[in-house]
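Some notes on the structure that comes next.
Rule-based calculations on the coordinates, nothing more; no lab input. No experiment lies behind these values; they were computed from the predicted model shown. Cβ placement follows ideal geometry from the backbone for every residue including glycine, while neighbour counts extend to all protein chains displayed.
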Amino acid sequence: MTKLKILLLLLVIVVTACKQKPQRVVQQKSHGYYTCSMHPQIHEEHPGNCPVCGMKLIKVELTGSGNTASDKLTLTATQIELAGIQTDTVREQNTGLEKTLTGTVTSNENTAAEMSARIAGRIQQLFVRTVGEKVNVGQPVYTIYSEDLQEAEKEYLLAKQQQKLLHNPDVDYLQLISAAENKLKLWGLTAAQIKKLAASGKVSATTAVLSQVSGTVSEIAVHEGDYVTEGMTVLKTQALNSLWVEAQLYANDAAMYRLNDRVSVSFPDLNGQVTNGKVEFINPELSDASKVDLIRVSIPNPQGLIRPGMLAYISLGGNGARSLAVPASAVLSDGKGSKVWVKNAEGSFSPRMIKPGQANQNYVQVLSGLDAGAIVVTNGAYLLNSEATFKNGNDNMAGMKM
């Protein structure tokens, strides 16, 4: 009987234990993963190299707990740099249809200058020897041996000496001195050089010729020992703070452009740097061979980064329409609509649905969803979008308002 009671008691314990629900084990969701900046679809749990391109994977840390979805992503400064994330400010831009021309940077001939010889002679010493040097007005360029210049200096000194020693009332010594001085100035001597000549009272074998122009040397036409004649070109200069961009366009596209139109000019050699230019010249005659037209745009170059010979792209909006816009690279479109990633004040990133309007290859008009001054991601938006999908699933945009 006692054995029977013990068996019944064990049976009750077993049945009770089977009826108890097992406790659900909650696994803590990882707060980070490793991905490739070039292939954001790659998600790895451990560091290493991208299986597609071999680049080193970067770690992405996710905000929020594993149980609560968040539409914000936070990256460290190192992660932002490695991922190549770039931003821009929302502002008014030209969103009309654009025509892009490929052009070449050239020197602005309106700022070009030429220094020529004032008198015949032989160049003894040349101080400016290489193209690209900068010269200023009053800087010595070369020394010259000229018998005619020596005779003119002697005439000047003789007139000064006669004024001191002779007192003939029939001779106008001041007029003689002035005539001799004007001849020296005509042949390139400055007032300071003439004053020094008068103080020394001696004629030198060679005379330094100073520059009458300033700018960057673009051509040197003489060498030491060369004989020059009056009017012969010695060197040419150009001012690089203002340049031209010349491009060719077909005759049927010429109607899109007008003199003094404002255009955008970008330079691939300067990482796509963009500057504003002005249409300065449109050739009224077509080329006989190719039947194309020449257009010339003037651009500023205050820092001297743009150099003649560089490749340039000229973009002009056909209707000049300006409206609130974002760079085209910032907009991500799918079956649910269009969105951009916005940088928040504290440094995190959030997705934002927008309603796009007309667009060109550079900018997309924003009808709603963004205000002027907002900061949007222009490079790396796909990476942020991939991170958000990994963190919250495909519904990470649910509930967002435009």
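Quick notes
- Sequence ranges 210-223, 301-314, ranked by mean other-Cβ count within 10 angstrom, highest first: 210-223, 301-314
- Most tightly packed first, judged by the mean number of other beta-carbon atoms within 10 Å of their residues, the peptides 261-270, 114-123 read 114-123, 261-270.
- Cα gyration tensor shape for the range 245-368, rounded if a/c is under 1.5, else prolate or oblate: prolate
- Cα→Cβ-extended label distance, 7 Å offset, between residue 52 and residue 76, nm: 2.4 nm
- Those aspartates and glutamates that a straight Cα-Cα span of less than 15 Å connects to residue 185, excepting residues fewer than 8 apart in one chain: 148, 151, 153, 155, 230
- Among 140-147, 157-164, the order from most to least packed when residues are scored by Cβ within 10 Å on average: 140-147, 157-164
- In nm, spacing of pseudo-spin labels at residue 292 and residue 45 (7 Å Cα→C-beta vector): 5.9 nm
- Among the listed pairs 160/196; 56/343; 160/202; 59/339, those with a Cα-Cα distance over 19 Å are 56/343; 59/339.
- Compactness of the range 342-384, expressed as Rg and Dmax over alpha-carbon positions, Å: 11.2, 32
- Across 236/278; 99/278; 183/236; 134/236; 195/236, pairs whose alpha-carbon gap is larger than 18 Å: 236/278; 183/236; 195/236
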